[in-house]
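Here's the structure we're looking at; comments come further down.
The values are calculated or read from the model by the stated rules, or taken from the named source; none is laboratory data. Values in this document were obtained by computation on a predicted structure and should not be read as measured data. Cβ placement follows ideal geometry from the backbone for every residue including glycine, while neighbour counts extend to all protein chains displayed.
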Amino acid sequence: MKFYIIVLSLTLVGSCSTLRHTEKIEQLKENITFKDSQTVENYINTINKEELKEHVYAFSTDEFQGRMSGEPGHHKASKFIKDYYIKEQIPSPLGSKYYQQIPESYFSGDIKNSQNVIAYVEGGEFPEEVIIISAHSDHEGYTDTEIYNGADDNGSGTAAVMEMAQAFQKAALNGHRPKRSVVFLHLTGEEIGLIGSKYYTQYPVFSMRNTVANLNIDMIGRVDDDHKDNEDYIYVIGADRLSTQLHYISEAANSQFTNLELDYKLNRDNDPNRYYYRSDHYNFAQKGVPVIFYFNGEHEDYHEPTDTPEKINYALLEKRTKLIFATAWYLANSKNRIVVDQDY
Ligand SMILES: [Zn+2]
């Protein structure tokens, strides 16, 4: 009998807290609304597959020689990104140089000095608080016979960041400047050990404390074997690990604007691939910054010289970019910044 009472009371305590938890989540979800959804829609629609295609092709050119960090091809690729921001009149928090230089001594092996490229649209109300949208710009270089063009890895992410920057800039010029600053960060040294993001998070341009979130993009232009029958998907990794709010903001952005299948399979704690730990966002997460990693999964051309631009699904790249844009818009314009409510 005594045993029964204990079990019963434990059950009651358990279900009460579950109920409270459910109520809390429901309330949190209700509070996430895009107040200016028509405005968001207007700027989402400036993101288009033709421009994304143009960027991916330009960035995957043989001239960049597979964009190995520190090599002339990657320097050219960095200049290509910088020139784009100058042409679009999107400034850099670093002034006219746009480059965060990383000295040769920071790299191991025989990698030479290299650079992250940084641009931003300054926030109107809380300019010191930043949302960082990132993609790595480097790749695997070349051999005697082949160039690793890396169209998906990571021409797709690079093009997405460029296109979102243009959309945020247009909005700002038309009187819809984001409340918080939105930073466009092109990272070097990812393929050789997440070095560009390690450097940035060690020597941040905006303090880590004021870095509200990092949305990191690495390969979003292709379809993996598991989704041949349903191409409208994206793997979302890490969204719920530090901030419950971030996960639900991502879901709300998707259900309102893009309706992709958000696949959380690779976000499982026990996933053997451990992608959460394998791209640049992880350096931000380690500093307590909530992150989302957007990824299409691996495919037959992953880290092969056959990762070329004609194999990208540009309509899908457009949809995925729109999802990330809507999520960034919310994070940059919400009344309060998102809260970290989980351990890291
Ligand atoms: Zn990559």
* Please name all residue pairs, on different chains or six or more residues apart, with Cβ atoms under 6 Å, provided the first residue is in the range 179-191 and is within 11 Å of the ligand (Cβ to nearest atom) and the second residue is in a strand (DSSP E or B). => LEU187/ASN116; LEU187/SER134; LEU187/HIS136; GLU190/HIS136
* What is the residue count in the range 176-203 for residues that are over 17 Å from the mean Cα position of the chain (by Cα) and part of a loop (DSSP other than H, G, I, E, B)? -> 7
* Structure fact -> Note on the range 164-175: residues under 16 Å from the mean Cα position of the chain (by Cα) and of a type in the set (A, V, I, L, M) are MET164, ALA165, ALA167
* Structure fact -> Scanning the range 31-44 residue by residue, those modelled with pLDDT under 90 and acidic (Asp, Glu) turn out to be ASP36
* Structure fact -> Wholly inside the range 44-150, strands (runs of 3 or more DSSP E) that include 2 or more residues that are of a type in the set (A, V, I, L, M) and touching a residue at least 24 places away in the same chain (Cβ under 8 Å) are 114-121, 126-136
* Structure fact -> Quick count over the range 148-176, residues being touching a Leu at 6+ places or on another chain (Cβ under 6 Å), within 16 Å of the ligand (Cβ to nearest atom) and of a type outside the set (S, T, N, Q), is 1
* Condition check for ALA160: part of a helix (DSSP H, G or I) and within 17 Å of ASN216 (Cα to Cα) -> yes
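Residues checked against (1) over 23 Å from LEU331 (Cα atoms); (2) in contact with a Pro (Cβ under 7 Å, 6 or more places away or on another chain); (3) modelled with pLDDT of 95 or more:
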residue	(1), (2), (3)
ALA213	no, yes, yes
ARG222	yes, no, yes
ASP225	yes, no, yes
GLU231	yes, no, yes
ILE237	no, no, yes
